[in-house]
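The values are calculated or read from the model by the stated rules, or taken from the named source; none is laboratory data. What you see is a predicted model; the values in this text were computed from it and never measured. FYI the Cβ positions are ideal-geometry reconstructions off the backbone, even for glycines, and counts take in every protein chain you see.
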Amino acid sequence: MSRKAVAVLYEAGDSAKEPRLLGCKENELGLRSFLESKGFKYVVLSDKEKLLDKELPDTEILITTPFHPAYVTAERIAKAPKLKLCVTAGVGSDHIDLHAANKAKITVAEVTGSNVVSVAEHVVMQILALVRNYLPAYTQVIKGEWDVGAIAKDAFDLEGKVVGTVGVGRIGYRVLQRLKPFDCKELLYCDYQPLDAQREAAVGAKRVTFDELIQRCDVITINCPLHDSTRDLFNKEVFDKMKKGTYLVNTARGAIVNRDALVEAVNKGIVRGYAGDVWYPQPAPKDHPWRTMPRHGMTPHYSGTTLDAQKRYADGTKDIIQRYLEGKPQKKEDLIVENGEFINKSYVQPGKV
Ligand code: NAD
C-alpha cells in the first residue's frame, strides 16, 4: 500500500489561475509530482472536518496552513495512528494540539521565517491606517462624500507616540526596525526572551513588563505565538488596566484577544481602533462581532500569504518533507516539537513577562 500525505488548503476558485498562488487547494503547494515520485498518494482537501477525518487513519504526513487552519485536536491525532509529521506551511502551529502531538511522538515543523517580513509590513500598514484614520477617509471618497473635519478629528501622526510590541521575535523585531524611522517617542517591548544589547540599541527599543507596556503605549502590536499563557491574554482585566485610547494591532492569533472583551473595550473607547488579520475560528463566521464593531481595520488572514511568502513557504514545506524522507535532521529553527519535546522556546513561557 502506498504512503499517504494529506494537505488541507483553502479553495481559491478563479484566483487559482494565478500560478504563484501556491498555497490554495487547486495549486497544491506545487508538491504533487514531488510527493508522487516518492511513492506517496497526495490528497488535497479544503474540508477541515469530515473529509479530513476520513483520511486520517492512514495519513503519514499532514500539511496544514494557518490561513485555513485545520484544527488538529487531540481527538484527531488519536484517529491518526500512522501520522509522523505535521508540516505547517507558514508560521504558527497553534492549530495543532502540541501536547497531544508530543504524546504521540509526532514531529511538528513549520517554515520559520518564511513570511515574517510580509507580516511586519502588514503591521506597519495597519498601525498607520488606524492612527491616521485612513479607512473612514477612503470610505468617504467611495460614497461620494467630502467632510475633512469628520476625518481629521480622529487623525494623528505616529511621530511622538509610544509604540510597543508583545513579543520581539522575528516579526516583532522587524516591526520595530520598520518603525524606527517614524521617530516615535519610545519603542517598547515585552518578551521573556530579551534582545541582546546590540539588537536593542540598533532599534532604540526598551524592554518593559507586560503591565508597563499596556499602561504606557499609544499603539500596541501583538507578535507572540498563541500558547497556553497567551490565550485570552488581552482580557477584560487587561483592557481595564490599559491606557485609554490605545490602538491595538493583532496579526499574531485571534484567540490571544478575548472576542467579547475587545468589543466592550472598543465600545468604551479604551481601544480607539483595532486591526489585524487573525480571528478565531477561521474562516470568521458571518456574525463574528469584530466584523461590525466600530473603528476597526480588520482583514481576512492574508498578511503572511503574499505571493512572495507563498513561494518561500512552499519551498520550505518541500524541504521539511525531503529531510524527513531522507532521514536527515530538520533545521532546528523549523522544529516546534519533536520526540515528545518542545524544541521551539517561543511556545514555552517560563513565567510572567
Ligand atoms: P518567533 O518565535 O520568532 O517570535 C515570537 C516571540 O514571542 C518570541 O521571542 C517569544 O519569546 C515571544 N513570546 C512568547 N510568549 C510571549 C508572551 N507571553 N509575552 C511576550 N512575548 C512572548 O515568531 P515569529 O516568527 O515572530 O511569529 C510570531 C507569531 O506571529 C507566530 O507564532 C504566529 O502566531 C504569528 N504569525 C502570523 C502570521 C499572519 O499571517 N498573520 C504569519 C506568521 C506568523
Give the range 7-62 a look and list any residue that's in a loop (DSSP other than H, G, I, E, B) and β-branched (Val, Ile, Thr), or say none.
-> THR59
Regarding LYS180, is this residue more than 10 Å from the ligand (Cβ to nearest atom), in contact with a helix residue (DSSP H, G or I) (Cβ under 7 Å, 6 or more places away or on another chain), basic (Lys, Arg) and more than 16 Å from VAL116 (Cβ to Cβ)?
-> yes
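Can you tell me which residue within the range 265-283, out of those that are away from the ligand (no atom under 12 Å from the Cβ) and crowded, with 17+ Cβ neighbours inside 10 Å, is nearest to TYR10 (Cα to Cα)? Spell out how you get there, then give the answer.
Here is the first cut: in the range 265-283, the ones away from the ligand (no atom under 12 Å from the Cβ) are 265-274, 281, 283.
From what is left, the residues that are crowded, with 17+ Cβ neighbours inside 10 Å are 265-266, 270-274.
Working: ALA265: 32, VAL266: 31, ILE270: 35, VAL271: 32, ARG272: 33, GLY273: 29, TYR274: 26 Å.
Looking at the filtered set, the residue picked out is TYR274.
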Residues satisfying the stated conditions in the range 250-272, i.e. of a type in the set (Lys, Arg) and either in a strand (DSSP E or B) or closer than 22 Å to ALA205 by Cα (or both) = ARG272
Residues satisfying the stated conditions in the range 63-114, i.e. under 21 Å from PRO281 (Cα atoms), polar (S, T, N, Q) and either assigned to a helix (DSSP H, G or I) or within 16 Å of the ligand (Cβ to nearest atom) (or both) = THR64, THR65, THR88, SER93
Every residue from the range 259-280 that is more than 18 Å from ASP94 (Cα to Cα) and of a type in the set (Phe, Trp, Tyr) | TYR274
Scan of the range 30-52 for residues that are touching a helix residue (DSSP H, G or I) at 6+ places or on another chain (Cβ under 7 Å) and without any contact (Cβ under 8 Å) to a residue 60 or more places away in the chain, ordered by number | TYR42, VAL43, VAL44, LEU45
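Residue-by-condition table, conditions (1) under 30 Å from ALA100 (Cβ atoms); (2) modelled with pLDDT of 95 or more; (3) basic (Lys, Arg):
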position	(1), (2), (3)
LYS206	no, yes, yes
TYR247	no, yes, no
ASP260	yes, yes, no
VAL263	no, yes, no
ASN267	no, yes, no
ASP277	yes, yes, no
HIS301	yes, yes, no
ARG312	yes, yes, yes
Among the residues of the range 10-21, is there at least one that is touching a residue at least 12 places away in the same chain (Cβ under 8 Å) and within 16 Å of the ligand (Cβ to nearest atom)?
-> yes
Is there a residue in the range 171-180 that is over 22 Å from VAL91 (Cβ atoms), surrounded by fewer than 18 Cβ atoms within 10 Å (Cβ to Cβ) and modelled with pLDDT of 95 or more?
-> yes
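Identify all residues within the range 289-307 that are of a type in the set (A, V, I, L, M) and either surrounded by fewer than 18 Cβ atoms within 10 Å (Cβ to Cβ) or over 17 Å from the mean Cα position of the chain (by Cα) (or both); write none if there are none.
Scanning the range 289-307 gives MET293, LEU307.
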Across (1) away from the ligand (no atom under 13 Å from the Cβ); (2) buried (at least 23 other Cβ atoms within 10 Å of the Cβ); (3) part of a loop (DSSP other than H, G, I, E, B), TYR247 clears everything bar (3)
Return the total of residues in the range 312-353 being charged (D, E, K, R), within 15 Å of the ligand (Cβ to nearest atom), assigned to a helix (DSSP H, G or I) and touching a residue at least 12 places away in the same chain (Cβ under 8 Å).
-> 4
First in the range 269-287 and in contact (Cβ under 8 Å) with a residue 24 or more places away in the chain and small (Gly, Ala, Ser), second anywhere and within 16 Å of the ligand (Cβ to nearest atom) and in a loop (DSSP other than H, G, I, E, B), Cβ under 6 Å, 6 or more apart | GLY276/THR251
For the range 147-177, which residues satisfy the criterion of being near the ligand (Cβ under 9 Å from one of its atoms) and among the charged types (D, E, K, R)?
-> ARG170, ARG174
Identify all residues within the range 96-117 that are within 26 Å of TYR274 (Cα to Cα) and surrounded by fewer than 23 Cβ atoms within 10 Å (Cβ to Cβ); write none if there are none.
-> GLY113, VAL116, VAL117
